[in-house]
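First up is the structure itself, then whatever we jot down about it.
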2 protein chains.
Amino acid sequence: MERPAGAPQEPVRFETHPSRYKHWKLSFDGPVARLVMAVDDQHPLRDGYILKLNSYDLGVDIELADAVTRLRFAHPEVKAVIVSSGTDNCFCAGANIYMLGSSTHAFKVNFCKFTNETRLYLEEACDKSAQHYLAALNGVASGGGYELALACEQIALQDDGSSAVSFPETPLLAVLPGTGGLTRLVDKRKVRRDLADVFSTLAEGIRGKRAKDWGLVDDVFAKSKFDAEVKKRADALVTSTPDKQGGPGLELTDLEPSRKEDGGKLVTDYRFVRLAIDPAARVATVTVRGPDGAPAKTSAELREQGNSHWHLRAFRELDDAILDLRFNHPTIGLVIVKTEGDGDGVRAHDDALLALAGGDWLAREILLLVARVMKRLDLTAKSVFATIEPGSCFAGTLFELAIAADRSYMLASEEDGAPKIALSKMSFGPLPMSNGLTRLATRFLARPAHVEELASHAGAMGAEDALELGLVTYAPDDIDWQDDVRIAIEERASLSPDALTGMESNLRFAGPETMETKIFARLSAWQNWIFQRPNAVGERGALTMYGRPERPEFDWRRT
Amino acid sequence: MERPAGAPQEPVRFETHPSRYKHWKLSFDGPVARLVMAVDDQHPLRDGYILKLNSYDLGVDIELADAVTRLRFAHPEVKAVIVSSGTDNCFCAGANIYMLGSSTHAFKVNFCKFTNETRLYLEEACDKSAQHYLAALNGVASGGGYELALACEQIALQDDGSSAVSFPETPLLAVLPGTGGLTRLVDKRKVRRDLADVFSTLAEGIRGKRAKDWGLVDDVFAKSKFDAEVKKRADALVTSTPDKQGGPGLELTDLEPSRKEDGGKLVTDYRFVRLAIDPAARVATVTVRGPDGAPAKTSAELREQGNSHWHLRAFRELDDAILDLRFNHPTIGLVIVKTEGDGDGVRAHDDALLALAGGDWLAREILLLVARVMKRLDLTAKSVFATIEPGSCFAGTLFELAIAADRSYMLASEEDGAPKIALSKMSFGPLPMSNGLTRLATRFLARPAHVEELASHAGAMGAEDALELGLVTYAPDDIDWQDDVRIAIEERASLSPDALTGMESNLRFAGPETMETKIFARLSAWQNWIFQRPNAVGERGALTMYGRPERPEFDWRRT
């Protein structure tokens, strides 16, 4: 076994709050927020490197993800967010190279995935939450720094003879601009591919007017006018963005899970979610409980429930559990998803949330958050099985967990209390996958008419109907259940983790492709490959040799 | 440097002929052809493994590619092709594991790419050449064997208690069904993803009715009726396929290039193509000459020119040169593309071919071949620069080479004989990329109106216009030309081969995705990653340990 060098010693935790930020400063000027990157180089997530030149590690990214989320939930008045740097001459140098160079493969890959997700959330805030991000590049934006800018809706570059945008990864480090960079260059900004080729091999990057001519930035302003011009663009966005209807914002509070060890298992208990890790079996069980109260039917009730609102709370918790699994439990290969509670209750909460979402921005934000967490599950490199047992509530939003799973097992029983599943309006649109389709449409790519037909199945159904309609994979009876499920779990846990990751990445996303799927499949897969290559990470590889006086040595064979 | 263990000792050659096949038998029964896989296990491409159970290596695949191409060119009367096995109980066991286990990373990746291309050519023959392939699985089709079946238009499986389809790669070898398998399962056949998940982890595969119910095959027939039922389906395809118009077929003759060493360079001379390899600089130069005679204006003239027809000959030669570069010159990182001749001549040949293609199947086949060769260039893991110099003829079809290149350099000169470029109808449709768009549409993804405007630029243009219209990357003048081009070449050749492969794979294919781009980007990238992982290819990895009594050992960390 490879030594997990560079993996954080302490478990990584993903909750934070602006009052605890070390690397970002969030301030407000009415409808314009400012998010200033001022990385404290003495506070890396783990020892061993210094975060020079506004370079980032996972700790910096966790704060950014928190800021993007909080702006959406707590600040409905904000319509434009200016992202700039607290350090003049340097916007952001990208991911810290020494951190990357000393990290395990699994950590690097998961770090890039989280960073990619945060970039997409920022774009979603522009598209769906009417919070428009402007990158104000008051210095050099290189590598991940420019990738962050690419995720913004507008990019302004200071024209001062030194500020530039650049992708030095390929020429200097023998890796890729892999947190969406290459994809956003040619697919989002549609930069001509030959210019993109030149740009991506030019370590020093491109400045001034040429950066604008090539489509790398939207505006170039002289230093003396820079702040005023950026503010002018932010103000224009404010003017063209309508006010949000529904009520005041919501300050998200800490989830405060309790963690304990219980007979060799590590158990994390949240309010609605329980995560139980069985390290010996390499299996985790995630149990999501349904709502226990009445749904919020008005904007006032929604705000009264606030952080206790079931959809909001349960999916924030699930998100935290997924990230915990990804970063702190790398040897867990299989996640069993279960639910507990009342399916009708879930569907009542679904209907109430969807009814509110038409006119209440906060209800819409909660929906978007549920959709993001479901995507996070789709994109997690662990196998997922759903087991549908008595007492479960795989209905509506929670039925999405069953079809997000690689397989599902539903107990077929004649007894009272036999499990049921049910669809709701949540199954047919509000929770799209990265490919832009619903999970049902992806599942039944060959049978679009079947998906339409399913919309008429309003009631709860037992295993036989669910199997017949293709909504579950297997429906063993009481006699077979225990053995079938046990054997399936043991078999899955015995397969190569890498082959499963590759297999699942290909089987989960049939159908159309989007910028999102391109980033996670094409770009990430190539970056993962490169992160294994001796030319990058070998003893004389470019990533290893970075900052040393000697040159890297390459094996010149092209693959 | 890794020892190139397992790389073929002798250069691999890609030309063959049915009379020289060792592994396939091609026979004809009027409009129905039979392609029988009967692998001679004692004739692997190189020593060290035995091709048991109809398993294949590159040698077997070269013959298949040849058969698929010859059926299209020489046999316009063939409307259905039945693919079956000469060995009862075993259709095909897929790629030979011992060959894979003992091959270099670069060879494995290029082998899979070639196999993927051949599968796509077979599908194109069904779609565009009205030659419909039926897989008749008279035995077990596993791994690449089932992937070959998936490429056929129809799959019939014998119901005899043992014939099955299976993907044992993940459970047995810790790699992927990577020559299109996973993608064809969920994207082409649209198999439900949970069923695809079960299927892809079940080493023994799936037989009989269940294979049909899951959509893995189209028909299941009892052994006693199998041949008759398959023939019935072939006959039905024959009946529904119209006869081809234009004239008789064409027997493709050997290209017979001459190879010599010339001052440290390896030079291959074909009729219209010259390939010059500079191993020390790790640079190859490919020069394509324009036509030297009059174009064929009638079907009779086309057949008279036959193997000498310029488009056909030049692009068959270019194809051979590309494959030579991929397999026999792995350390060559950069290909400089040049042309020589008369641009007006190229465009006259383009117009004549396109005019004929409306009514002559052979002209259409030539067009499809040119399109395939251009895709082969797009998909080659080498950097490509085009240099546009005096005496060149980057016009029409040959201008595609310049925009297929990662960059182009055009000499800007006031002198007589300054280079010109020109578009033709070939630039606007007949030669789509893998993403389904023309190279111009991909290049100008941000400016679709510009592509329409370019269609009105009928004449040849100099460097200034070409630069202005975005058709070339750089246009240095006489003073700068030599230094600019030399430095660009040296710089490119100095960069990490792996980072460049990943970068180019992301920058070359902006815009929409197709099954083809999914196979080459998503699936191949993941497979390449897995081909590097210790869990597959390490000392105790599954691919290494295959066939040994001990079990593989896995590092359980998920990535």
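The values are calculated or read from the model by the stated rules, or taken from the named source; none is laboratory data. Only a predicted model underlies this, so the values are computations on that prediction, with no experimental measurement involved. As a convention, Cβ positions derive from the backbone with ideal geometry for all residues, glycine included, and neighbour counts pool all protein chains shown. All accessible areas refer to the heavy atoms of the entire protein, side chains included, with ligands and DNA or RNA removed. Shrake-Rupley method; radii C 1.70, N 1.55, O 1.52, S 1.80 Å.
Counting other Cβ atoms within 10 Å of each Cβ, which GluC sites (Glu not before Pro) in region A:208-271 have at most 13 and sit in a DSSP loop? Write out the running numbers ahead of the final one.
On the way: sites: A:E229, A:E251, A:E261; in loops: A:E251.
Those satisfying the criteria are A:E251.
Roughly how many debye, to the nearest 20, is the charge dipole of region A:103-262 about its Cα centre, given +1 on each Lys and Arg Cβ, -1 on each Asp and Glu Cβ, and no other charges? Could you put the intermediate results ahead of the total?
Details: 22 positive and 25 negative charges, 107 e Å.
Around 520 debye, computed over region A:103-262.
Where the only charges are on Cβ atoms (+1 Lys, Arg; -1 Asp, Glu), what is the dipole of chain A about its Cα centre, to the nearest 20 debye?
Its charge dipole is roughly 2220 debye.
Among rounded, prolate and oblate, which fits region A:84-170 when a ≥ b ≥ c are the square roots of the eigenvalues of its C-alpha gyration tensor, a/c under 1.5 means rounded, and a/b larger than b/c means prolate?
oblate
Looking at chain A, what % of its DSSP beta bridges pair antiparallel, to the nearest 5?
Percentage antiparallel, nearest 5: 35.
Tell me which GluC sites (Glu not before Pro) from region A:1-103 have a DSSP coil assignment and no more than 13 other beta carbons within 10 Å of their own.
On the way: sites: A:E2, A:E15, A:E63, A:E77; in loops: A:E2, A:E15, A:E77.
Sparse-neighbourhood loop GluC sites (Glu not before Pro): A:E2.
Hey, any idea what % of chain A's accessible area is carbon plus sulfur with a 1.4 Å probe?
Answer for chain A is 50 percent, counting heavy atoms of protein chains only.
Which Cα, out of A:L507, A:P430, A:W526, lies furthest along the positive dipole direction of region A:417-559 (beta carbon charges, K/R +1, D/E -1)?
It is A:W526.
Every other copy gets compared here: list the nm distances from the A:G359 label point (7 Å along Cα to Cβ) to its counterparts, shortest first, one decimal.
6.8
Once you sort the root eigenvalues of the Cα gyration tensor of region A:492-559 as a ≥ b ≥ c, which label holds: rounded (a/c under 1.5), prolate (a/b larger than b/c) or oblate (the other case)?
Prolate shape, in that a/c is at least 1.5 and a/b is the bigger ratio.
Toward the positive end of the charge dipole of chain B, about the Cα centre and with charges on Cβ (Lys, Arg +1; Asp, Glu -1), which of B:P18, B:A404, B:T183 goes farthest?
Checked the options; the winner is B:T183.
Take every residue in peptide B:185-192, count the Cβ atoms of other chains within 10 Å of its Cβ, and give the average of those counts.
Taking all residues of B:185-192 together, the mean is 6.
Within 10 Å of each candidate Cβ there may be at most 15 other Cβ atoms; applying that plus a DSSP loop requirement, which trypsin sites (Lys or Arg not before Pro) in region B:483-556 survive? Can you show the working numbers first?
Numbers: sites: B:R486, B:R492, B:R508, B:K518, B:R522, B:R540; in loops: B:R508, B:R540.
Sparse-neighbourhood loop trypsin sites (Lys or Arg not before Pro): B:R540.
Can you give the charge dipole size of the protein assembly as shown about its Cα centre, rounded to the nearest 20 debye, using +1 on the beta carbon of Lys and Arg and -1 on the beta carbon of Asp and Glu?
The calculation lands at about 360 debye.
Which value, in Å³ per residue, describes the convex hull spanned by the Cα atoms of chain A?
Convex hull of Cα atoms, per residue: 158 Å³.
Evaluate the Debye formula for the protein assembly as shown with equal point scatterers sitting on the alpha carbons, no solvent, and hand back log10 of I(q)/I(0) at q = 0.05, 0.07 Å⁻¹, in q order, two decimals.
One equal scatterer on each Cα of the protein assembly as shown leads to -0.33, -0.67.
What does DSSP give for the protein assembly as shown in terms of the percent of beta bridges that are antiparallel, rounded to the nearest 5? Don't skip to the end; give the middle numbers.
Working: 48 of 136 bridges.
For the protein assembly as shown, the DSSP antiparallel bridge percentage is about 35.
Using the charge dipole of chain B (Lys, Arg: +1 at Cβ; Asp, Glu: -1 at Cβ; taken about the Cα centre), state which of B:T104, B:F167, B:T442 has its Cα farthest towards the positive end.
Result: B:F167.
Within region B:479-508, what residues put their amide N at less than 13 Å from the label point 7 Å along the Cα-to-Cβ vector of B:V267?
Hits in region B:479-508 for B:V267 at 13 Å: none.
Which of the three applies to region B:402-493, rounded, prolate or oblate, going by the alpha-carbon gyration tensor with a ≥ b ≥ c and a/c under 1.5 meaning rounded?
Because a/c hits 1.5 or more and a/b fails to exceed b/c, region B:402-493 counts as oblate.
Distances in nm, one decimal, shortest first, from A:K425 to the same residue in every other copy, taking the label point 7 angstrom along Cα→Cβ.
Spelled out, the distances from A:K425's label point are 5.4 nm.
How much of the DSSP beta bridge set in region A:237-392 is antiparallel, as a percent to the nearest 5?
Values: 15 of 26 bridges.
Once the DSSP bridges in region A:237-392 are tallied, antiparallel ones form about 60 percent.
Run the label-point distances for A:A228 please: 7 Å along Cα to Cβ, every other copy, nanometres, shortest first.
Copy-to-copy label distances for A:A228: 9.2 nm.
Might you tell me the accessible area per residue for the protein assembly as shown, computed with a 1.4 Å probe and given in Å²?
35 Å²
Please report the buried accessible area for the interface of B with A, total over both chains, probe 1.4 Å, in Å² to the nearest 100.
So the total buried area for this chain pair works out to about 8800 Å².
Please report the net charge: other residues with Cβ closer than 12 Å to the Cβ of B:T380, K and R +1, D and E -1.
Residues near B:T380 contribute +1 overall.
What residues does region B:399-420 have that are buried by at least 50 Å² of accessible area in the full protein assembly compared to the chain on its own, 1.4 angstrom probe?
B:R407
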